[in-house]
Structures are given as C-alpha cells and as structure tokens.
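For reference, the structure is listed below as structure tokens.
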Amino acid sequence: MNLKTRAVTAIPGSSGLFSPKWSPDGRYLVAIKYDDVRLKLFDMNLHTWQDLAGDIRAGYLEWTPDSKCVVFVHQEGAARWENRVCLAGRKVQPIGDVAASGKLVEAFGSWEWTGLAPDGSILALRDTSTQEIYALDVKWP
C-alpha cells in the first residue's frame, strides 16, 4: 500500500501464497505456497521470489529478530518439528520435537502453535485445561 496515494498493489508473483510475514528489517517477505506448503522468499531489493527451503511443508512462520532466519513447524505424520532455515546457506535445521511432550494444544487443525518472543526464544501454546485442575479455598468478605 502506498501510504501517500492509498493505492493497493499486489506483490508480483504472490498469487497462490498465504501466511506472509515481513522480516523485521523490512527487506524480505516469506510466505507459504498453497498447493504444496513450501516456503517462498521475496527480496524487496531484487523484486524476486525464490524457494527458501526446498521441498518441505511448513507452518507458523516467524522471523528471528535479526532477520537472518525463519523459524517454522514441519509436520510428518504425528511428528512435529520446530525448524529454522537461515538465508545464508538455506539449510533446514531442526530445533526440537514440538510434539514430544504431548502437552501442546492442537489449536488449528493438526498444527500446534509456536512462535518467537522478541528476544528470539521459542514460545509454544500448552493446553492444561484438563490436566491441571486446582481447588481454591476462598474466604469472601
């Protein structure tokens, strides 16, 4: 969107992409391709789209605070892995097994939500709605 003219223009080549995330430095846009859930990277300086991580299914995209890597969840069957792919080298690096604890909530379909805090540490949604029930003794005035 041009803030002066308020004209909205689609990013060329973005048709068929969803869940876009701007890099903190504003130079890149990462998105997921609808038909195969691959990561695509748009460089604002070069105005080009590229495959970021090859043939890997991804969800819950988050940029690291330094704009050098994208963290995402990859699922194969019941296994859910938190991964990262950095712009330099573009190799997918597993960070950890999201489903290993069995305590993360399946918030949206078969994915469990994860994200990054501003300092780059990993956040995860955990459902304790029926596992941890407490009794409180209250004295009302």
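No value in this document is a laboratory result; all are computed from the given coordinates. Keep in mind it's a predicted model, so treat the numbers as computed, not measured. Backbone-built Cβ (ideal geometry, glycine too); neighbour counts: all protein chains shown.
Some observations on this one:
- Computed over neighbours whose Cβ is under 12 Å from that of A31, the net charge equals +3, Lys and Arg +1, Asp and Glu -1.
- Sorting the segments 44-51, 4-11, 33-40 by their mean number of nearby beta carbons within 10 angstrom, highest to lowest, gives 33-40, 44-51, 4-11.
- Near the amide H of A53, within less than 5 Å, lie the amide hydrogens of L39, all on another chain or at least 5 residues away, with H placed in the peptide plane.
- Within the shell defined by Cβ-Cβ distances under 12 Å, the residues around W63 carry a net charge of +1, with Lys and Arg each +1 and Asp and Glu each -1.
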